[in-house]
Amino acid sequence: MGYKYDLYERIRLAGSNSSQMELPAAKKLSLISVNAALYAVAIAVTSPIPTPWGVGHFRPGVVIPAFFSVVFGPFIGGVGAAIGCFIGDLALSFFGLTTPLLSLIAGVPGNLIGFYVLGYLTSKRRSLSAFIISSFIALFMGNLVAALGVLAYFWFIVPSWAPLPLNVKFAITAGFTLFWLVTMIIFIIPLVPVIIRYAKPSLERMGFEGNCDLVWEKPIDIIKSSFAVALILIAIYCLTSLIPGGRMIFAGVLPPETLLLGSAATIASGLVFAYLIGKARKY
């Protein structure tokens, strides 16, 4: 009993304090460059996948800046994501898949804010359950900023969009936000903690002790966080299904049921993490 109490106490303390170390400027610049380069490549690889209204991209590559945000802090994660987003979009603009101006108005600020918030929140609480909640908050904020940027771009740059009714503009903003949120969260929550755990030995050899892992606390806490995020997504699904015109949010590209996929993936991730922790504590 004494050992278990000591273990849980150390987990509690570790999960409530920032453990990230201050890095030299040269090392920060190097990490931002690596983050941006990897993210730009990932953006280009998945760009052909269709999205609502043909704007924005399907980006499972968000696990890259999410990893850098959690491990190296909000500045490296956010700035690297913003630069990588612009480089990736600039390359895609030569193929007519986006424009640099749209990237600067929507993608760059959305990525900067989203991954900065993720890095900031996880620097305050490093537990896995806190990471799940933080991911939802950060992705919602970042994608809302990006969606508003897209709306502003078309409102002021494309004359045919200006006369659209307010309910259509609201649907466009909500559609972008929810689509990007769900299609990102199903990759970030299951994959980033695992990537961090497997990268930990290499990070420690490189001198990044103290900020290279998340605290895998009591299984019940992880399950609670997973179900909280899942219930929010289910509530959004119910609203989009019941309100008049709610289904126009996804414009026929993806149905609102996609939100249920996000809920299922979040719950499954929490249950798997809880199972792995339970198994590990038996040894």
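Residues that are of a type outside the set (Phe, Trp, Tyr), at pLDDT 75 or above, surrounded by 13 or more Cβ atoms within 10 Å (Cβ to Cβ) and within 17 Å of PHE187 (Cα to Cα): does segment 272-279 have at least one?
So in segment 272-279, the residues of a type outside the set (Phe, Trp, Tyr) come out as 272, 274, 276-279.
Still in the running and at pLDDT 75 or above: 272, 274, 276-277.
Subset that is surrounded by 13 or more Cβ atoms within 10 Å (Cβ to Cβ): 272, 274, 276-277.
With within 17 Å of PHE187 (Cα to Cα) added as a condition, the list becomes 272.
Looking through segment 272-279, at least one residue is of a type outside the set (Phe, Trp, Tyr), at pLDDT 75 or above, surrounded by 13 or more Cβ atoms within 10 Å (Cβ to Cβ) and within 17 Å of PHE187 (Cα to Cα).
Scan segment 54-64 and give yes if some residue there is modelled with pLDDT under 90 and more than 17 Å from the chain's Cα centre (by Cα), otherwise no.
We begin by selecting, within segment 54-64, every residue modelled with pLDDT under 90; these are 54-60.
Subset that is more than 17 Å from the chain's Cα centre (by Cα): 54-55.
Within segment 54-64, one or more residues are modelled with pLDDT under 90 and more than 17 Å from the chain's Cα centre (by Cα).
So that you can scan it fast, the table gives a plain yes or no per residue for (1) under 19 Å from SER225 (Cα atoms); (2) among the polar types (S, T, N, Q); (3) touching a Leu at 6+ places or on another chain (Cβ under 6 Å):
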site	(1), (2), (3)
ALA152	no, no, no
TRP155	no, no, no
VAL158	no, no, no
VAL168	no, no, no
THR173	no, yes, yes
LEU181	yes, no, yes
PRO190	yes, no, no
PRO193	yes, no, yes
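Select from segment 121-130 the residues that are over 11 Å from GLY270 (Cα atoms) and assigned to a helix (DSSP H, G or I) and list them in ascending order.
So the first thing to find is which residues in segment 121-130 are over 11 Å from GLY270 (Cα atoms), and the list is 121-127, 130.
LEU121, THR122, SER123, LYS124, ALA130, listed by residue number.
Just to verify a result, which residue in segment 176-222, among those that are in a helix (DSSP H, G or I) and of a type in the set (Asp, Glu), is farthest from GLY149 (Cα to Cα)?
Start the filter on segment 176-222 by keeping residues that are in a helix (DSSP H, G or I), which leaves 176-205, 219-222.
Checking the rest, the ones that are also of a type in the set (Asp, Glu) come to 204, 221.
Working: GLU204: 39, ASP221: 36 Å.
Only one residue fits best here, namely GLU204.
Here's the yes/no breakdown for (1) of a type in the set (Phe, Trp, Tyr); (2) over 16 Å from PHE187 (Cβ atoms); (3) not in a loop (DSSP other than H, G, I, E, B):
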| position | (1), (2), (3) |
| --- | --- |
| VAL62 | no, no, yes |
| PHE67 | yes, no, yes |
| GLY80 | no, yes, yes |
| PHE95 | yes, yes, no |
| ALA106 | no, yes, yes |
| ALA138 | no, no, yes |
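Keeping to segment 107-135, report how many residues are surrounded by 24 or more Cβ atoms within 10 Å (Cβ to Cβ), modelled with pLDDT of 95 or more and within 18 Å of THR173 (Cβ to Cβ).
3
How about segment 63-85: which of its residues are free of Cβ contacts under 8 Å to residues at least 40 places away in the same chain and surrounded by fewer than 24 Cβ atoms within 10 Å (Cβ to Cβ)?
none
List pairs: first residue in segment 201-216 and of a type in the set (D, E, K, R) and crowded, with 17+ Cβ neighbours inside 10 Å, second residue in a helix (DSSP H, G or I) and modelled with pLDDT of 75 or more anywhere in the structure, Cβ distance under 7 angstrom, at least six positions apart or on different chains.
What qualifies is ASP213/ILE196; ASP213/ARG197; ASP213/LYS200.
The values are calculated or read from the model by the stated rules, or taken from the named source; none is laboratory data. Small disclaimer: the values here were computed from a predicted structure and weren't measured. Cβ: placed from backbone, ideal geometry, glycine included. Neighbour counts: every protein chain shown.
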